[in-house]
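Asks: I'd like to ask some things about the structure below.
The values are calculated or read from the model by the stated rules, or taken from the named source; none is laboratory data. Remember, it's a predicted structure, so these values are computed and weren't measured experimentally. With ideal geometry, Cβ positions are generated from the backbone for all residues, glycine too; neighbour counts draw on all protein chains shown. The protein model used for the area step is the full one, side chains on, heavy atoms only, and it has no ligands, DNA or RNA in it. Shrake-Rupley method; radii C 1.70, N 1.55, O 1.52, S 1.80 Å.
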Amino acid sequence: MQFVAINWHVYQLTGSAFALGLVGLFRALPIICSSLPGGVVADAFDRKRLMLLTQTAMLVSAALLAAGTLAGMASVWPIYILSAIASAASAFEVPARQAMLPTLVPPEDFPNAVSLGIIVFNVATIAGPAIAGFILAESGPAIIYGINALSFLAVMAALIAMRSSGKPDLQTERKDALSFAALKEGLKFVWHTPIIVQTMTLDFAATFFASATLLLPIFATEQLHVGARGYGFLAAAPAIGSVLTALVMARLGTFQRQGRLVVYSVAVFGVATAAFGVSTVYWFSLLMLAVTGASDTVSTVLRQTIRQLVTPDKLRGRMTSINMMFFMGGPQLGELEAGVVASVVGAPWSVVIGGAGSLIAAGVAAVKSKSLMEFEIE
């Protein structure tokens, strides 16, 4: 809900595609700067406690957004700054959360666990934008920011209720685990594991070029003429495709030739993104966005499964933090790229160019990434 509200809020204040692109920049820079330290900390401290601290920081950020909006905030800069603070917190939270997941389920059930996690996440991603669209049409973004602030209390309650320990498998003293040598160890592991390097690079390229969701306020108002309510459904469409696909993947269990499926799904993602860019029909736009969500889910589940299962527990936080620069930095920097290109050639061409970029990235991976194309979980 807050993601949708911030994009709509910024566009209403500025009417500028470039200003929308800056939202991505302010989300990306803290992730790029903080994710590596976040991974080191996640491998050195109790991950549950670390997540409680980061959730508190994100709660405060959302609460300040709500207060500022209610006070009549007319500048976009507080939105940029508070978005950056929340992104910095997520740079410490995501490595801790993803590193915990393999400790909660046995390896043979891990792909299903990832699929179920995506289902739960995307149920909220379907309902959130749709509800946000109605709230934005009726009262504006302040209520949404307030609801988001309260939602972090539920996350904290879930963490406290977990019986599993959040302590990492430390094989060194904590002072050594928090050293530059620990960071170097994580970088060395990733660099010398080709399958991880290839999935990260493909992830970054695909998401950098195809960040259509940032421009949805422009499509909703200027190309499809559906307003705030229609915008909410557009924003929810990728998650609908994602949930349906994750349900099928959870039911089917493991797949053969997982590496090739990652590349094929990125290609489908690019084609669907480009098709959305040229669409002027609302139902077809919804369908193409749903296909992007479906193909992205196939890629995400398989990439996360591959990376987590080939990484030792003591390195998972650092591996995730390095990967985070790609899978979260890519979309955020891609939003900046989409906004800049849209300000020059228009939103439809920006999305079409982005979809073509993802398709090219998949083609290059199919030819060059031998380890990925041949990878299969035993």
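Asks: Just to check I understand the Karplus step: with θ = phi - 60° and J = 6.51 cos²θ - 1.76 cosθ + 1.60, what whole-Hz values come out for segment 96-107, glycine and proline as x?
Replies: My calculation for segment 96-107 gives 5, 5, 5, 5, 6, 4, x, 7, 9, 9, x, x Hz in order.
Asks: Taking the Cα centre of the chain as origin and charging only Cβ (+1 Lys, Arg; -1 Asp, Glu), how large is the dipole, in debye to the nearest 20?
Replies: Roughly 460 debye, rounded to the nearest 20.
Asks: Tell me the per residue accessible area of segment 15-143 using a 1.4 Å probe; a whole number in Å² is fine.
Replies: Using a 1.4 Å probe on heavy atoms only, each residue of segment 15-143 averages 39 Å².
Asks: For segment 254-312, report the translational diffusion coefficient in µm²/s to the nearest whole number, using Stokes-Einstein at 4 °C, 1.567 mPa s, and a Kirkwood Rh over Cα pairs.
Replies: My calculation gives 105 µm²/s for D.
Asks: Could you tell me which of F269, A71, A149 has its Cα farthest along the dipole of the chain towards the positive end, charges placed at Cβ (Lys, Arg +1; Asp, Glu -1), taken about the Cα centre?
Replies: Of the candidates, A149 comes out farthest on the positive side.
Asks: Looking only at segment 9-52, which residues have a backbone nitrogen under 20 Å from a spot 7 Å from the Cα of S343 in the C-beta direction?
Replies: Residues 9-30 fall inside that zone.
Asks: Cα centroid distance between segment 1-50 and segment 117-146, in Å?
Replies: 18
Asks: So what is the 222 nm mean residue ellipticity for the chain from helices alone, if each DSSP H run of at least 4 adds -39500 (n - 2.57) and you divide by all residues, rounding to the nearest 500 deg cm²/dmol?
Replies: -27000 deg cm²/dmol, from helical runs alone.
Asks: HN-Hα J couplings of segment 186-194 from phi, Karplus 6.51/-1.76/1.60, θ = phi - 60°, integer Hz, Gly and Pro as x?
Replies: x, 4, 5, 4, 4, 4, 9, 10, x
Asks: Rounded to the nearest 0.05, what FRET efficiency do L53 and T14 give with R0 = 45 Å and r taken as the Cβ-Cβ distance? Could you check?
Replies: After rounding to 0.05, the efficiency reads 0.85.
Asks: Once Lys and Arg get +1 and Asp and Glu get -1 on their Cβ, which of V105, L29, A250 lies farthest toward the positive end of the dipole of the chain?
Replies: V105
Asks: Using the Cα centre of segment 1-147 as the reference point, and only Cβ charges (+1 on K/R, -1 on D/E), how large is the resulting charge dipole? Debye, rounded to the nearest 20.
Replies: Dipole of segment 1-147, to the nearest 20 debye: 220 debye.
Asks: How much accessible surface area, in Å² rounded to 10, belongs to the heavy atoms of W77 with a 1.4 Å probe?
Replies: Surface accessible to solvent at W77 totals approximately 130 Å².
Asks: Taking R0 as 35 Å, what's the FRET efficiency between E374 and F134 from their Cβ-Cβ distance, rounded to 0.05?
Replies: 0.15
Asks: If you count only protein heavy atoms with a 1.4 Å probe, what accessible area per residue comes out for segment 231-378, rounded to a whole Å²?
Replies: Averaged over the residues of segment 231-378, the accessible area is 40 Å².
Asks: Continuing with this model, one more query. Under a cut-off of 24 Å between alpha-carbon atoms, report the lysines in cross-link reach of K370, not counting same-chain residues fewer than 8 places apart.
Replies: Leaving aside lysines fewer than 8 places away in the same chain, those within reach of K370 are K188.
Asks: What percentage of the solvent-accessible surface of the chain, computed with a 1.4 Å probe over protein heavy atoms, is contributed by carbon and sulfur atoms?
Replies: That fraction is 70 percent.
Asks: If you put +1 on each Lys and Arg Cβ and -1 on each Asp and Glu Cβ, how big is the dipole of segment 229-342 around its Cα centre, in Debye rounded to 20?
Replies: Its charge dipole is roughly 440 debye.
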